[in-house]
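Please read the structure below before turning to the comments.
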Amino acid sequence: MWRKFTILLVVLIMLPLIPKSSIPTRAADLVNFDHLRFLTQPVTIDGRDMAIVHIYSEYPKYQWVDAAGEGISAVDDVARAAIAYMWQYERTKDAPSLDSARRCLEFVRYMQAPDGEFYNFVKDTAGTINRTGSTSYKSLTWWAMRGFWALGEGVRVFAHVDPAYADQLAASYQLTEAAIAKTFGNYGRMNTLHGFQIPAWLPNGAADSSAIGLLGMAAYYQARPNPQTADVLTKLAEGIAAYRLGDDTTYPFGMHPESDRAPGDWHDWGAHMVDALAVAGLTLHKQAWIDSAAADADSFLLRQLAFERFRNMSVVPDRFGQIAYGTDMIVGAYMALYRATGRDRYARYAGLAASWLFGNNMAGVPMYDPATGRVADGINGSVSWTVNRNAGAESTIEGLMALMAVADVPLAAQYLYVKPTDSARWHIYEAEDGGRISGQPIYYHVATTGEASVSGGRYVGLGRGNTMAITLTAPTEDDYLLYVAHVRQVHQQPSNAARAVHIDQPPTIDGDLSEWSAIPAVAANSREQFLRGSGLWQGPSVDSHAVQFAWDATNLYMGVTVRAPQYVQRYTLSEVWHDDALWLYAINSPKADRLSAKFTFAQTPKGPQIWDWENSRFLMGAVLAWKKTDSGYVYEASIPWASIGVTKPQTGASIGIEAGRSIGGNSFMDLTGRDPDIAQNLLPVTLTDTNTNAQAAAAPQPIFLQVGIDDEKPILIPESTAPDYDFLWLDLVRRQPFHLMAGTHTLHYAYAGASDDGLSKVDAFLLQAVVGQRTFRQPNGTLITLTYNTLTGEATWSETF
């Protein structure tokens, strides 16, 4: 159902005339490709005319600057440049733009592998491909999806001007479409994470990059409708559309999250889910996809227009680091919905979002220069000196895309020059900044949990008797909603808890695990244990691994049984990550806030090797054996305790271990299904005396956080609500708003659990007015007021002349 939206136009008869000199240039004339053409260098590689796009261009001279260690140009940028040139040709019939598009498309095709995947960087104008870089390896990740999008757009555009070349592009397109289709092994299945049902078949588990691929499919289908493309397009769109969480009031506010392993995470660079669904829905006449896009745009994206723009939300919004890519994403989303629905409000929203380029941003500085075609690289603060005045390829291309989207639509373009005059914004209060009222809170320093960002890089732990208070400021008398970013915690013992068994006689490290028959194992054998890329999984009988742990006073011992269809390892030392290897992560204590060790096990062309990533060398004193089996292979290893920071191992102590591996492509499967680079995510491993079941621990008591404002009755917020493992989340303190008078108020918060051992972990509080409202002024004096009620979902737009 379309939500209520009201527009009010009030005309005042005695409007003074605006001097002609103050009227902005016609929007269609603002699109200037000069800087992008400067960054685009024609080259000839393998006898083929193509073009590269130089990546960086730095203030004040704006000369070419390469990406150190990566290369001089990348599919990431060249593919988007190709699309921008094609769109410009469609707008203007400018022949040089079409020629530049063709050259860029030839570079994209050059970087495509025979299996449809893509490399990203070239090192020089001779076309030497960077095949091993962490941002350039052959894959179906970001750069591949952008290359695929360019090929789809190329077929659509060249079908009218050069059908023979469109056929060549179509052949390249079909290679990648087929590669994407192969990732849908889990089509129709849902993973459960934190109680949410999440589609299991998105390529790389990524809705954001998948949406870019969806744009390519839609463009191709528009030119060449066929059942194969319709099938792949439908499966991809269904997955993206189904993955939308929250509503106007409930976090994550109706957004389409970016990753299947981070249901509360969204960033504005590359978040094409809304526009891709709208375009795909219009292409295949699927109203459900358009409705899913509109639900996001009318809640989550609208928050950014009615309150203020942010760069990412994970779990509290962060407005710093805004870039043109994020602007293009919002503009493209609303313009796609305008075309799909014909609703004027979406064109207005798109024009309002695009005004970021002309100074309607937190720094108040124009980011686009129509005289040169340069787009500044970003904003990192609310004053002019925080603007990054470099003008690289990505910023310039994305800025031009946003501008082209609205320039020829007067309903949108008329809002490019608005300036903000007033706003009702949200405010973030860091819990760790509060004053201690009683007790001794614990302060944690960590930037991310692996699936969510920790606001300010710190959070606070409140135990029995701990109370804190912080001052809130209400700018006006109003109704406010209060949210808390805190850790939802499990209320039971972890089902995959592991034990390391003490042994009197060390095992022989030879790859024969017959000595390990009495040692318990913990396995990675389910879709929920994928950090990413479960769409490639063929099941536990084909791809899985199980780990056994043993110990003595000198070493930790590991026996790892891997089921896999093949083992390929062509590299040695720190390069083994390109092929099959087992990744080991360790902490020396459950309370550790950073990794103690990070290793890889690999059978290399020069024999078994354990690489120590923390010290960039072989792991000193370690021994590794590898042995092939009928269903896969085995690792057996001894690891000195000192290498993971344990000085005196003893029964009852716990460490943290993670063991993960790729099953192909950009996949990664481990014991917990969580990001192993985060210390708190590792699997607890208890050192036991013998292989006997540990005595059952007493059931943990529920944990509550107590929150109150001023003298109002405090609210108890249950925190023992995680169905799988602890995770950071944003919860509404109470559904009923707080009515606050203008001025300062005291927010107090305390642990309120039943157990003396419990700990409430609090990151931040977010205070926002129930109704978001922003007012803008046009150059001719017109006042525009946008409101958004976050309780009812109602929005209004008024213009007063």
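The values are calculated or read from the model by the stated rules, or taken from the named source; none is laboratory data. No experiment lies behind these values; they were computed from the predicted model shown. Ideal geometry is used to build each Cβ from the backbone, glycine not excepted, and the neighbour counts take in all protein chains shown. These area figures cover heavy atoms from the full protein model, side chains too; ligands, DNA and RNA do not enter into them. Shrake-Rupley method; radii C 1.70, N 1.55, O 1.52, S 1.80 Å.
Observations, loosely collected:
- Interchain or long-range residues, amide H under 5 Å from His491's placed H: Ala722
- Share antiparallel - DSSP beta bridges, the chain, percent rounded to 5: 90 percent
- Gyration tensor (alpha-carbon) shape descriptor, the range 126-230, a/c threshold 1.5: oblate
- Order by protection proxy (mean Cβ within 10 Å, highest first), peptides 376-387, 208-219, 353-364: 208-219, 353-364, 376-387
- Farthest towards the positive end of the charge dipole of the chain, among the residues Trp426, Ser299, Tyr725, is the Cα of Ser299, using unit charges on the Cβ of Lys, Arg, Asp and Glu.
- Anisotropy class of the range 685-801 from Cα gyration tensor, a/c 1.5 cut: prolate
- Label-to-label distance, nm, for residues given as Lys606 and Asp344 (7 Å Cα→Cβ offset): 7.1 nm
- Contact order relative to length of the chain, as percent, for alpha carbon pairs under 8 angstrom and 6 or more apart: 15 percent
- Cβ charges +1 (Lys, Arg) and -1 (Asp, Glu), total dipole of the range 48-115, debye: 260 debye
- Radius 15 Å from Cβ of Gln569, net charge of other residues (Lys, Arg +1; Asp, Glu -1): +2
- Accessible surface of the range 247-386, 1.4 Å probe, proportion on carbon and sulfur as whole %: 51 percent
- Farthest positive-ward along the chain dipole, Cα basis, beta-carbon charges - from Met468, Leu624, Tyr221: Tyr221
- The chain, Cα convex hull volume normalised per residue, Å³: 169 Å³
- When +1 charges are put on Lys and Arg Cβ atoms and -1 charges on Asp and Glu Cβ atoms, the dipole computed for the range 594-717 relative to its Cα centre reaches about 620 debye.
- Summary value for the range 215-374: 18 percent relative contact order, contacts being C-alpha pairs under 8 angstrom separated by 6+ residues.
- Share of carbon and sulfur in the accessible area of the range 517-592 stands at 49%, probe radius 1.4 Å.
- To put it simply, the accessible area of the range 36-182 at a 1.4 Å probe is 51 percent carbon and sulfur.
- Here is how the number arises for the chain: DSSP H runs of 4 or more residues each give -39500 (n - 2.57), the sum is divided by the residue count, and the result at 222 nm is -7500 deg cm²/dmol.
- Positive-end extreme of charge dipole, the chain - chosen from Ala276, Gln773, Gly342 (charges on Cβ): Gly342
- A straight chain from Leu411 to Arg436 at 0.36 nm per residue would run longer than the Cα-Cα distance by 3.6 nm.
- With all protein chains kept in place, the per residue accessible area of the chain amounts to 39 square angstrom at a probe of 1.4 angstrom.
- Packing-based ranking, highest mean first, of 192-199, 150-157 given that Cβ atoms within 10 Å are counted: 150-157, 192-199
- Extension gain for the segment Ser589 to Ala171, taken as residue separation times 0.36 nm less the Cα-Cα distance, is 145.0 nm to one decimal.
- Cα shape, the range 430-521, gyration tensor, a/c 1.5 rule: prolate
- Spin-label zone in the range 439-480 - amide nitrogen under 17 Å from a point set 7 Å from the Cα of Ala742 along the C-beta vector: 473-480
- Only Cα pairs under 8 Å and 6+ residues apart enter the sum, and on that basis the relative contact order of the range 544-610 stands at 23 percent.
- When only the Cβ of Lys, Arg, Asp and Glu is charged (+1, +1, -1, -1), the dipole of the chain relative to its Cα centre reaches about 1060 debye.
- Those lysines that a straight Cα-Cα span of less than 23 Å connects to Lys606, excepting residues fewer than 8 apart in one chain: Lys598, Lys627, Lys628
- Under 12 Å, Cβ to Cβ, from Ala340 - net charge with Lys/Arg +1 and Asp/Glu -1: +1
- Area projected by the alpha carbon convex hull of the range 193-241, averaged over all directions, nm²: 3.5 nm²
- Order by protection proxy (mean Cβ within 10 Å, highest first), peptides 550-561, 605-616: 550-561, 605-616
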